[in-house]
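The values are calculated or read from the model by the stated rules, or taken from the named source; none is laboratory data. Predicted model, so just to flag it, every value in this text is computed and none were measured. Counting neighbours? That spans all protein chains shown, and the Cβs are built from the backbone with ideal geometry, glycine included.
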Amino acid sequence: MTGNHQGLALVLFTVFVSVTLAITAWAGRRRSSSVEFFAGGRLFSPLENGFAITGDYISAGSLLGVSGLVALVGYDGVLYCVGFLVGFLVVLMLIAELVRNCGRFTIADVVAVRMRQRPARIALGTSSVIVSVIYLVAQMVGAGSLVALLLGGQGAAVRTWTVIGVGGLMVFYVSFGGMRATTWIQIVKAVLLMAGSVALTVLVLVRFHGDLGGLLRSAAAGSGHGKDFLAPGLKYGGTWTARLDFMSLGLALVLGTAGLPHILSRFYTVPTARSARRSVVWAIGLIGSFYLMTIVLGFAAAAVVGSDSVRSSNQAGNTAVPLLALDLGGGAGTTGGTVLFAVVGAVAFATILAVVAGITLASSASVAHDLYATVRRRSGSRRRSKESKEQEEVKVARVAAFGIGAVAIVLSLYAQGQNVAFLVGLAFAVAASANLPALLYTLFWRRFTTRGTLWAVYGGLGPAVLLVILSPVVSGSPDALFPGVDFHLFPLQNPGLVSIPLGFLAGWLGTVLSPEPADEGKHAEAEVRSLTGAGAV
Amino acid sequence: MNEHDGTGPGALRMDDPWYAVPVAGEWQQEADVQAPVSHEEPGREDRTAVYLEVQHSAAFQEARGRYRRFVFPAAAAFLAWYLLYVVLATTAPGLMARPVAGELNVAMVAGLAQFASTFLLTWAYARHARLRRDRAALDLRWDTQERMR
């Protein structure tokens, strides 16, 4: 890694940050009603929102991590790509339009149409914030490592300042620009990401003269595993624990997407359910093409760079695509190589910044609109005007963004240098265990009650968190968070396989054991509103 | 509620027929969602009665049936197909490694088929919704909102 890379990457990244700051300043000049702050005015087009969903969804973990996994273990990396994409079918068919029709800003809005406001909002608000903070820490620790990798700064100080810088920027975007700035940042990032991926893929195809069979042959040869590289089993084929762990992750990926607060809040930025549907269609097209390109780039890295060189640069394979870019541009020391390497680095930074901003916004919306507003309502002053309440919610959300940013920075600094790859899988598992059962039951089950809602949320959230604490990622293995002690009782890294069914089971059980039956009138309201859009805002 | 302040980058989009529906406006829905504890607010029972009436109407039952008859089998099918894929990939690597043509093996074909089926289902769902549901939903929305006035 020569000084040229670093200089150019820093210049490109500075340009991106300047553009995003300009967007924030422009968006921040508007008066801040709650619709403006939490939903960006609700007038984005399906195409814009489709790009924004893509920007919110694809993290640096996908851009660098999944392609690196393909480069190291071949087909087992492809399994990730499939799971990340198929999850969007759940969003498209069962969630997006109905959520857009029922809610205003958050997941809890949808459930609160039918259930008792206070407990339902506190439950869904809490689980949304927990999912967001887990995801946020994963992204910010990743940001620290990324700087160390791409800019060659190995010192702890570089990582620390990166985490603080990323955290500061995301809080600034969210609290001053609200949803409008965040959405445009996602769009800019998604365009950069897609353009960068298309450019690299085209270069790969040119290198292999369009012969994908030849690419796979060279990848198998370059990996050192031969034919096995192109079939599943290198990473998850060993013990039954490893196999069950992958099934658990697979289940969490496909069901978790539909429970991620920062993805669902995107549907409130378009005017109607129909445009929410069309934005998911755009997102599926973009995300699907992105993951297809990721697979090509991963195999190309194995073929061109070689799995061993990738592994010696970074144990987890995170540098596979940057190294591939360097080679495709002409190799180290050439202008082309320098430029492409710097571009990939800058796109990866942009990716992290945009994703953390989206998550921070969604979680501060949960804090202000669900948690604070609920507690506040109980403590009186019901007579104030709607406008002053909205103003207050926005104010609280701005402050909450600072709070969540501070918490995320502190946790990320503490977890710096830890292996936190499991955190993304965990965020998906918690989303699928706590948020999805409550949402699906609310939308589709006539008899679902408030008690069922609470049991579904806490009955999914509790086991998911508990099982992780008792898993080998926290204790009892050499690369655990606390390697010195051993209190692990649960063999899998990802809790989804157990906690997701438990969430659904708890929701059912709570409903069956409810003292009072479901409110027919409120069910009618939720059903009519969700399917027709009557009364949607 | 500045839904109509079309000053943003996405000013009014008239190509979206849904947009013709007046949003929120003078009726009480927005206020109700906003301050949900207000059970004593007049009109609550009336609105519930309207929702129950619409829910039991033949038109709504038909629209809901069309939606559910498409998404329930489709969701069951793609989830089963995805889980089958994950289980096969982890438990039957021998089968998945069997060559099909050239460098392609069963696993590659299955993975690409997952992408293909996702794109295909997305297209089919969007088409079904556009041709079979949107019109009915829009009519019901109008009708419900008219009755609320």
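A few notes on this one:
- When A:Val296 is tested against (1) touching a Phe, Trp or Tyr at 6+ places or on another chain (Cβ under 8 Å); (2) at pLDDT 90 or above, exactly one condition is not met: (1).
- Top-ranked residue of the range B:63-95 - restricted to ones that are at the interface with another protein chain (Cβ under 7 Å from one of its Cβ atoms) and among the small types (Gly, Ala, Ser), ranked as farthest from A:Val86 (Cα to Cα): B:Ala63
- Contact annotation: residue pairs with Cβ atoms under 7 Å, 6 or more positions apart or on different chains, pairing a residue in the range A:389-404 that is more than 14 Å from A:Ser366 (Cβ to Cβ) with a partner that is of a type in the set (A, V, I, L, M), are A:Phe402/A:Val171.
- Matching option when the condition is more than 9 Å from chain B (Cβ to nearest Cβ) and either among the β-branched types (Val, Ile, Thr) or more than 30 Å from B:Met96 (Cα to Cα) (or both), among A:Gly41, A:Gly55, A:Gly61: A:Gly55
- Residue match in the range A:243-254 (condition: within 14 Å of chain B (Cβ to nearest Cβ), surrounded by fewer than 24 Cβ atoms within 10 Å (Cβ to Cβ) and of a type in the set (Phe, Trp, Tyr)): no
- The set of residues in the range A:213-235 being within 19 Å of A:Phe290 (Cβ to Cβ) and without any contact (Cβ under 8 Å) to a residue 12 or more places away in the chain is empty.
- The range A:292-351, residues that are under 17 Å from A:Phe13 (Cβ atoms), more than 24 Å from the chain's Cα centre (by Cα) and polar (S, T, N, Q): A:Thr338
- Residue within the range A:24-33 that is of a type in the set (A, V, I, L, M) and modelled with pLDDT under 95 present: yes
- In the range A:501-537, the qualifying residues are those that are polar (S, T, N, Q) and within 15 Å of B:Arg141 (Cβ to Cβ), and the one that is nearest to the chain's Cα centre (by Cα) is A:Ser530.
- Among the residues of the range A:308-340, the ones that are buried (at least 22 other Cβ atoms within 10 Å of the Cβ) and not in a helix (DSSP H, G or I) come to 3 in all.
- Residue that is surrounded by the fewest Cβ atoms within 10 Å (Cβ to Cβ), among those in the range A:159-192 that are closer than 21 Å to A:Val270 by Cβ and aliphatic (A, V, I, L, M): A:Val191
- Residue check for A:Ala283: modelled with pLDDT of 95 or more, of a type in the set (A, V, I, L, M, F, W, C) and buried (at least 24 other Cβ atoms within 10 Å of the Cβ): yes
- Leading residue by the ranking (nearest to the chain's Cα centre (by Cα)) among those in the range A:240-286 that are part of a loop (DSSP other than H, G, I, E, B) and of a type in the set (A, V, I, L, M): A:Leu260
- Test: residue in the range A:72-80 that is within 7 Å of chain B (Cβ to nearest Cβ), touching a residue at least 24 places away in the same chain (Cβ under 8 Å), part of a helix (DSSP H, G or I) and over 20 Å from the mean Cα position of the chain (by Cα): yes
- As for the range A:222-229, it holds at least one residue that is at pLDDT below 90 and on the phi > 0 side of the Ramachandran plot.
- Identity of the residue in the range A:221-239, at the interface with chain B (Cβ under 9 Å from one of its Cβ atoms) and part of a helix (DSSP H, G or I), that ends up surrounded by the fewest Cβ atoms within 10 Å (Cβ to Cβ): A:Lys227
- When B:Ala137, B:Ala124 are checked against the criterion of being outside any strand (DSSP E or B) and either within 20 Å of A:Ala231 (Cα to Cα) or at pLDDT 95 or above (or both), a single residue qualifies: B:Ala124.
- Checking each residue in the range B:114-129 for being surrounded by 14 or more Cβ atoms within 10 Å (Cβ to Cβ) and more than 8 Å from chain A (Cβ to nearest Cβ) picks out B:Ser117, B:His128.
- No other residue among A:Gly7, A:Gly55 is part of a helix (DSSP H, G or I) and crowded, with 24+ Cβ neighbours inside 10 Å apart from A:Gly55.
- Yes/no for A:Thr374 being touching a residue at least 12 places away in the same chain (Cβ under 8 Å), among the hydroxyl-bearing types (Ser, Thr, Tyr) and surrounded by 23 or more Cβ atoms within 10 Å (Cβ to Cβ): no
- Criterion (within 12 Å of chain B (Cβ to nearest Cβ), within 25 Å of A:Val254 (Cβ to Cβ) and not polar (S, T, N, Q)) met by exactly one of A:Val131, A:Val137, A:Val111: A:Val111
- Checked against the criterion of being buried (at least 16 other Cβ atoms within 10 Å of the Cβ) and within 27 Å of A:Arg311 (Cα to Cα), the candidates A:Leu21, A:Leu63 yield just one match: A:Leu63.
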